[in-house]
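Single-structure report; data block below.
The values are calculated or read from the model by the stated rules, or taken from the named source; none is laboratory data. Small disclaimer: the values here were computed from a predicted structure and weren't measured. Glycine also receives a Cβ, built like all others from the backbone with ideal geometry; neighbour counts cover every protein chain displayed.
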Amino acid sequence: MSSIAQGIHIDITTVIVFIVVFIVFAFLGFYGSRWRRGDLSKLSEWALAGRKLGWFLNWFLMGADLFTAYTFIAVPSLLLASGPVGFFAVPYVAWGFAVELLIAPRLWTVARNRGYVTAADFVKDRFNSRLLPIAIALTGTVAELPYIALQIIGMEAVLIPIFLALGVSAIKTATDLALLVSFIILAAFVFTSGLRGATLTGVFKDLLIWITVLVVIIYVPLAVGGFGVALHNAQTLSTAVDSAINHVSKPILYAHAPTVEAFASAYLSLALGSALALFLYPHAVNGYLSPESKRAVKLSAALLPIYGIGLALIALFAILIYSVPNAVNLVVATKNGALTVPSLIGYTLPSWFVGLAYVGIFIGGLVPAAIMAIGVANLLTRNVIKEFWKDMPEHTEATLAKWISTAFKFVALAFVFIVPATYAIQLQLLGGILIAQTLPPVFLGLYTDKLEPRSLFVGWLAGIGSGVYLTLLANHFGPLKTSAYLTPIGPLYIAVIALSINLVISLVGTGIAYALGWRPAGKIKAEEITMLK
Amino acid sequence: MNFYIVTAVVFLILIILYALLPLYNKVSPTIGGLPMFYWYQTIMLVVTSILLLIPVLLVKEPDENKR
């Protein structure tokens, strides 16, 4: 037994449970192709599950997008390393679903009326533009890469304690090998079953996660003391965490947020920027285009904040971990905040349950990665490649999308190496900065066609440019550790700053175009967005 | 009444509920040792779902159940 993970409840039972449950998962993934059988050589069948999901299944599918490594690994890791700012994910979830309710029913309706599969399909006809949909498709593709990379960091975070406890000396090699095998299995079932497989496995993984969350949040306070004890211990133990992760030897204050405006501006802009960005991601668009009726879209969105309670509880594991000093020690010894949740689970629950919880977290990274890769493949095939290959047959479109989704998963693996694992959340925030720049044509486009496409394109270009530049500047051109930029009104999430620049240019440009005699030339009538034919 | 107008109003209320940091950025009262900063925002998620259900359940659109 390795001295670093001394006393963690991981043994051969853990490993057997992990492997057996993973086999069940893989079976469900392949079985998805037979479930509600459709013609999987069509893109809408493969990528949107034939648009047949009821509200409850869609609720699970969208929830699967929510219960990802972002939730189990990145958010608790940020909360542990930086204190209350990490809780911004909670208002993000609350606001995010309000945004979904404002735009998803409209995009769903117009997509059903006109046979769209992506947001870029819609933008192309709405603004009668060839350039904009390509820009949107490429943004979606690039923005998903860091988000998938975050999932991989999450999967590593459960493999590391297992290999540590089993005394595997070549941790890095063992982890890479395990990831590779998992990705091959995943790629194989995504190829054969598309979004159906992802939905079925998503339900399965969420059941595992819900069980784990509820057991930990009830059992740990009863067994080792609740948040009172944890916060008390944190006053002394957090200094070691701070110095291991942040190289600062001060205690971290968790009990409340600093009462300064700088905190409020960072906290609220992170939440708002993330909420505006979430439903622009290709995988999220796929999610809300897949329900069977508009009612299902709406009900699912309205009930998703309930799912967010799970996210809030998991985030609180970052405080609860202080009631188990051994668990804190593992994070300190490995200097890896991503281990917060796996470590707390490993030191408190019986070994068989640790296996169950770990495989839940592992699949919790794998399934969203699959959903994201499907979203990207959709976009690249329809809105980039098809633009240059007009008469592509329908079955070729689906085959190409399947191959792209496979290749894309492995490209994302490469992203893992550029960000410290503790700050994995920055990967998702970087994706948010990029994808938020597609808001004007997509979200505003669902409400008005009075936006001039070239202005929208220049606004997008300026948004992406300023977003990337400010991110580099804020991190001193070094490793990604922050996504906020210090403005005169306090630090702001760069997505919000860049989006403001983008919006100003789009609107002013449109004003000028109007004055010069430009008039909207969209092909979509207003009632096609509001009323199902 | 228009579904999207009601939803926009609900969104505005939700923004205010979370933007009032001075209201909830406190340690006490605690619940099970958990400071108000955390439990307030978590409970607000339930409030969020209830508020979002208002437009969904009360403002019906004629094409809602079409498949």
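Side notes on the structure shown:
- Set A:W55, A:W35: member being within 25 Å of A:F362 (Cα to Cα) and either among the basic types (K, R) or at pLDDT below 85 (or both): A:W35
- Of the helices (runs of 4 or more DSSP H) lying entirely inside the stretch A:244-329, those carrying at least 1 residues that are within 8 Å of chain B (Cβ to nearest Cβ) are A:261-278, A:294-320.
- Residue, surrounded by the fewest Cβ atoms within 10 Å (Cβ to Cβ), within the stretch A:346-400, restricted to residues that are basic (K, R) and assigned to a helix (DSSP H, G or I): A:K386
- Selection status of A:T259, closer than 21 Å to A:A89 by Cα and over 28 Å from the mean Cα position of the chain (by Cα): yes
- For the stretch A:67-91, the candidate set comprises residues that are in a helix (DSSP H, G or I), out of contact with any Leu (no Cβ under 7 Å at 6 or more places or on another chain) and hydroxyl-bearing (S, T, Y); within that set, the residue that is nearest to A:A240 (Cα to Cα) is A:S82.
- Boolean, A:K205 is part of a helix (DSSP H, G or I) and either within 22 Å of A:N326 (Cα to Cα) or touching a residue at least 60 places away in the same chain (Cβ under 8 Å) (or both): yes
- Out of A:L492, A:L427, sole residue that is crowded, with 20+ Cβ neighbours inside 10 Å, touching a residue at least 60 places away in the same chain (Cβ under 8 Å), touching a Phe, Trp or Tyr at 6+ places or on another chain (Cβ under 9 Å) and not in a helix (DSSP H, G or I): A:L492
Residues checked against (1) more than 26 Å from A:M155 (Cα to Cα); (2) at the interface with chain B (Cβ under 9 Å from one of its Cβ atoms); (3) in contact with a helix residue (DSSP H, G or I) (Cβ under 6 Å, 6 or more places away or on another chain); (4) modelled with pLDDT under 95:
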position	(1), (2), (3), (4)
A:A74	no, no, yes, yes
A:L78	no, no, yes, yes
A:W95	yes, yes, yes, no
A:L102	yes, yes, yes, no
A:R114	yes, no, no, yes
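- Residues in the stretch B:39-54 that are within 8 Å of chain A (Cβ to nearest Cβ) and touching a helix residue (DSSP H, G or I) at 6+ places or on another chain (Cβ under 6 Å) were compared, and the one that is surrounded by the fewest Cβ atoms within 10 Å (Cβ to Cβ) is B:L53.
- The C-beta contact set for the stretch B:16-30 (first residue under 15 Å from A:Y267 (Cα atoms), second residue of a type in the set (S, T, Y) and in a loop (DSSP other than H, G, I, E, B), distance under 7 angstrom, 6+ apart or interchain) comprises B:N25/A:T259.
- Within the stretch B:23-38, considering residues that are at the interface with another protein chain (Cβ under 7 Å from one of its Cβ atoms) and loosely packed, with under 15 Cβ neighbours inside 10 Å, the one farthest from A:A262 (Cα to Cα): B:G32
- Scanning the stretch A:216-243 for residues that are of a type outside the set (V, I, T) and more than 10 Å from chain B (Cβ to nearest Cβ) returns A:Y219, A:L222, A:A223, A:N233, A:A234, A:Q235, A:L237, A:S238, A:A240, A:D242, A:S243.
- Filtering the stretch A:458-489 to residues that are in a loop (DSSP other than H, G, I, E, B) and of a type outside the set (D, E, K, R) leaves A:N475, A:H476, A:F477, A:G478, A:P479, A:L480, A:T482, A:S483, A:P488, A:I489.
- Total residues in the stretch B:56-67, condition within 7 Å of another protein chain (Cβ to nearest Cβ) and either of a type in the set (G, A, S) or assigned to a helix (DSSP H, G or I) (or both): 1
- If the condition is being surrounded by fewer than 24 Cβ atoms within 10 Å (Cβ to Cβ) and either at positive phi or β-branched (V, I, T) (or both), then the stretch A:119-133 contributes only A:N128.
- In the stretch B:7-30, the residues that are of a type in the set (V, I, T) and part of a helix (DSSP H, G or I): B:T7, B:V9, B:V10, B:I13, B:I15, B:I16
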